[in-house]
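The structure under discussion appears below in the form of structure tokens.
The values are calculated or read from the model by the stated rules, or taken from the named source; none is laboratory data. Computed from a predicted structure; not experimentally measured. Here the Cβ positions follow ideal geometry from the backbone for every residue, glycine too, while neighbour counts run over all protein chains shown.
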């Protein structure tokens, strides 16, 4: 779901939390940290007050999302 949401464009933590039903902030932060460790997601921090952070897909993340979309299409065709 995180990949899907970020595939639409960059998003803040609160935007992701609102868009993904049933996810807690703690769980979302843990998943984002894991995805950043695998170079699938990156974040941009903007200076100022309040501090603004946006998450976005890396090139690897965009390729992974493309693969997920292909698998989804195949699954729909097989149903």
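A few remarks follow.
- If you go through the range 61-76 and keep only what is surrounded by fewer than 14 Cβ atoms within 10 Å (Cβ to Cβ) and closer than 15 Å to residue 2 by Cα, you end up with 63, 66, 67, 68, 69.
- Test: residue in the range 34-41 that is surrounded by fewer than 13 Cβ atoms within 10 Å (Cβ to Cβ) and either within 10 Å of the chain's Cα centre (by Cα) or over 26 Å from residue 70 (Cα atoms) (or both): no
- Residues being farther than 21 Å from residue 72 by Cβ and either under 11 Å from the mean Cα position of the chain (by Cα) or assigned to a loop (DSSP other than H, G, I, E, B) (or both) - total across the range 1-15: 4
- Checked against the criteria, residue 48 does not count as at pLDDT 95 or above, out of contact with any helix residue (DSSP H, G or I) (no Cβ under 7 Å at 6 or more places or on another chain) and part of a loop (DSSP other than H, G, I, E, B).
- Listed by first and then second residue, the pairs with beta-carbon distance under 6 Å, at least 6 apart or on different chains, first residue in the range 54-79 and on the phi > 0 side of the Ramachandran plot and in a helix (DSSP H, G or I), second surrounded by fewer than 11 Cβ atoms within 10 Å (Cβ to Cβ) and modelled with pLDDT under 95, form an empty list.
- Every pair of residues 6+ apart whose Cβ atoms lie under 9 Å, when the first sits in the range 16-41 and is at positive phi and in a loop (DSSP other than H, G, I, E, B) while the second is modelled with pLDDT of 95 or more and buried (at least 16 other Cβ atoms within 10 Å of the Cβ): 39/58; 39/61
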